[in-house]
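Q: The structure that follows is given in the form of structure tokens.
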Amino acid sequence: MSKNNYIRTNGRAADELRKVSIKAGIIKNADGSAIIEFGKNKIIAAVFGPKEVHPKHMMRNDQAIIKCRYHMMPFSTDTRKNPSLSRREIEISKVIREAIQPAIIMEDYPRTAIEVYIEILQSDGGSRCAAINAASVALADAGINMRDLITACAAGKADGKIILDVDDVEDKTGEADMPLSILPNLGTITLFQLDGCLSEEEFKQALEMATNGCKKLYELQRNALMNKYFNNNKNKGV
Amino acid sequence: MSTIERKYVIPGDTIIEGDYRPLINAIKRNNRVISTRIGMAEIVRKDVRVIPLNGTYYPRLDDTVIGIVADSNAFVWEVDINSVFFGILQGSAVLGRTFSASRDSLASHFKTGDCLIAKIASFDRTRDPLLSIYGPGLGKVSNGEICKISMAQVPRLIGKKGSMIKLIEENTKCKLNIGQNGVIFINGAKESIVKIKKVINIIEKQAYLPDLNDKVNDLLK
């Protein structure tokens, strides 16, 4: 609960995340995969590669390339969505690609491509952050060399208050939405967007709140991987 | 005697702080040694390495690998070695003399789909790994089946001083060739091959069991 006991219309406190569950390795045919349930968001991320680059002219001799596709299922929204990639999906694919790229050690895989496919089964605001969290677990599950996991969470402003983890209603009725993705152990910001207006003081508060949210999500990502690979023997010597 | 410290890690975990050297699957940042993979971190004296639990095979010099010929052009065969990169087998490496595209034909030696046991003769990040089939036990193999196992479980399949592989071979009268890339070539009777595939599946899923040898022994009998 927040200090001033402010309760949002969805019943959450200002600094409270939605209910999150993450599971790693759910798709057999992919090299790595994860499913995340982030409130009402349901998202699957699958990773293939590193593999041969097609078309060849995209190949880089000194490092890997990342191909990322963020796609919403026709049934993921309340009215049917056209299954072809929309302008918004193409933009979010690019944003996610650039958010995960700093975490991957691209130089270890020259002349190859790493493909990240993200399917939104059900969406409810904040799906790009949830998608980054799922993609990060899927990348680690695929055994790709990474500097750190990537974790993402949004903060925003609704009803004049700074809030954590903005959902669909708050996004539409609120004053600001600020998705943030970080590398928690290295302390690097890899994605920062801000839709709306915040004063300097509000911005500082939102940034701190989003960073704290990311740290909570990091623990969940960590648990998902630990559960799959070590049966949740957390970081203990063997 | 030096002590070996081990712990489970995921990417981004700090394995140890201080004057240590990252060897395999680890990087150093601000005096911290960080893991880059999911696996078991091992600290031996000042060296830190992470033995990965997943991922594809990354070629290393002198590794024995089993691959399938995927393609050929006028000078080389491309061999699928279950890795990020294709293995390259040069025509001259098979003929033992200078290869001439007008005189010699690659198709008369290996065809697409042939199974080869080879060694990684040279590899660095800038080029695909070069293969060699010179050496005892290397070359084309036929009359058998191919099976795959996660690269991380290859040592478990071989067992301590080859105990597991010996157990399987003695009980099934089959010959197993295990590549370090996680590809296994099984030569023997059809019923035995089916049995071995089951055993490999169990080893892959239950590699952590301490009495795995007994379990496999029961299954084979």
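Q: Write down the percent of antiparallel bridges among all DSSP beta bridges whose residues are both part of chain B, to the nearest 5.
A: The antiparallel proportion sits near 90 percent.
Q: Can you give the % of DSSP beta bridges in chain A that are antiparallel, to the nearest 5?
A: Of all bridge pairs located within chain A, approximately 85 percent are antiparallel.
Q: When the accessible area of each residue in the range A:171-186 is compared between its chain alone and the complete protein assembly (1.4 Å probe; ligands, DNA and RNA ignored), which residues differ by at least 40 Å², being lower in the assembly?
A: Residues losing area: A:N185, A:L186.
Q: Students sometimes get this wrong: rank B:R6, B:R32, A:R12 by accessible area, probe 1.4 Å, all chains present, largest first.
A: Sorted descending by solvent-accessible area, the residues read B:R6, B:R32, A:R12.
Q: When the label point is put 7 Å from the Cα of A:E91 along its Cα-to-beta-carbon vector, which residues of the range A:112-140 have a backbone N closer than 17 Å?
A: A:125-129
Q: Continuing with this model, one more query. Taking the Cα centre of each part, how many Å lie between the range A:200-229 and the range B:14-52?
A: 24 Å
Q: Before rounding to the nearest 500, sum -39500 (n - 2.57) across all DSSP H runs of length at least 4 in the protein assembly as shown and divide by the residue total; then give [θ] at 222 nm in deg cm²/dmol.
A: Taking each H run of at least 4 residues, the total per residue is -7500 deg cm²/dmol.
Q: A further question follows. So, taking all protein chains as they sit and a 1.4 Å probe, how much accessible area belongs to B:F110, in Å² rounded to tens?
A: Near enough 20 Å² of accessible area.
Q: Okay, next question. Over what distance in Å are the Cα centres of the range A:163-180 and the range B:69-123 separated?
A: The range A:163-180 and the range B:69-123 have Cα centres separated by 57 Å.
Q: If you roll a 1.4 Å probe over the heavy atoms of the protein chains, what accessible area per residue do you get for chain B, in Å²?
A: Per-residue value: 53 Å².
Q: In Å² (nearest 100), what accessible area is buried between A and B, both sides summed, heavy protein atoms only, 1.4 Å probe?
A: Summing both chains' loss of accessible area gives about 2600 Å².
Q: Moving on. Can you grab the distance from the C-alpha centre of the range A:103-137 to the C-alpha centre of the range A:48-70, Å, no decimals?
A: What the calculation gives is 14 Å, centre to centre.
Q: Using a 10 Å cut-off on Cβ to Cβ distances, tally the other chain neighbours for every residue of A:44-51 and report the average as a whole number.
A: The per-residue average across the peptide is 1.
Q: Let a ≥ b ≥ c be the square roots of the eigenvalues of the Cα gyration tensor of the protein assembly as shown; is it rounded (a/c under 1.5), or, if not, prolate (a/b larger than b/c) or oblate?
A: prolate
Q: Output ³J(HN,Hα) for the range A:13-27: one whole-Hz value per residue in order, computed from phi by the Karplus curve 6.51 cos²θ - 1.76 cosθ + 1.60 with θ = phi - 60°, and x for Gly and Pro.
A: 6, 4, 10, 10, 7, 6, 6, 10, 9, 10, 10, 9, x, 9, 10
Q: Sort A:M106, A:M73 by heavy-atom solvent-accessible area, probe 1.4 angstrom, most to least.
A: I get A:M73, A:M106, largest accessible area first.
Q: Hey, another quick one. Once you order the gyration tensor axes a ≥ b ≥ c over the Cα atoms, which shape class does the range B:64-141 get: rounded for a/c under 1.5, otherwise prolate or oblate by comparing a/b with b/c?
A: Rounded, because the longest to shortest axis ratio a/c is under 1.5.
Q: Aspartates and glutamates near B:K140 by alpha-carbon distance under 19 Å, same-chain residues fewer than 8 away left out - which ones?
A: Counting by Cα, and skipping residues close in sequence, B:K140 has these aspartates and glutamates nearby: B:D62, B:D63, B:D71, B:E78, B:D80, B:D104, B:D114.
Q: By average Cβ neighbour count within 10 Å, what is the ranking of B:17-28, B:176-187 from highest down?
A: B:176-187, B:17-28
Q: Still on this structure, I have one more. For the range A:20-230, rounded, prolate or oblate, judged on the Cα gyration tensor with a ≥ b ≥ c (square roots of eigenvalues), a/c < 1.5 rounded, else prolate if a/b > b/c?
A: prolate
Q: Taking the alpha-carbon distance from A:K42 and a cut-off under 13 Å, which aspartates and glutamates remain once sequence neighbours fewer than 8 residues away in the same chain are dropped?
A: By straight Cα distance, A:K42 reaches A:E119, A:D124.
Q: Same structure, new question: Compute the FRET efficiency between B:S102 and B:K28 as 1/(1 + (r/R0)^6), taking r as their Cβ-Cβ distance and R0 = 45 Å, and round to the nearest 0.05.
A: Here the calculated transfer efficiency is 0.30.
The values are calculated or read from the model by the stated rules, or taken from the named source; none is laboratory data. In this text the structure is predicted, and so the values were computed from the model without any measurement. We place every Cβ from the backbone using ideal geometry, glycine too, and count neighbours over all the protein chains shown. The accessibility values were calculated without ligands, DNA or RNA, using every heavy atom of the protein model including side chains. Shrake-Rupley method; radii C 1.70, N 1.55, O 1.52, S 1.80 Å.
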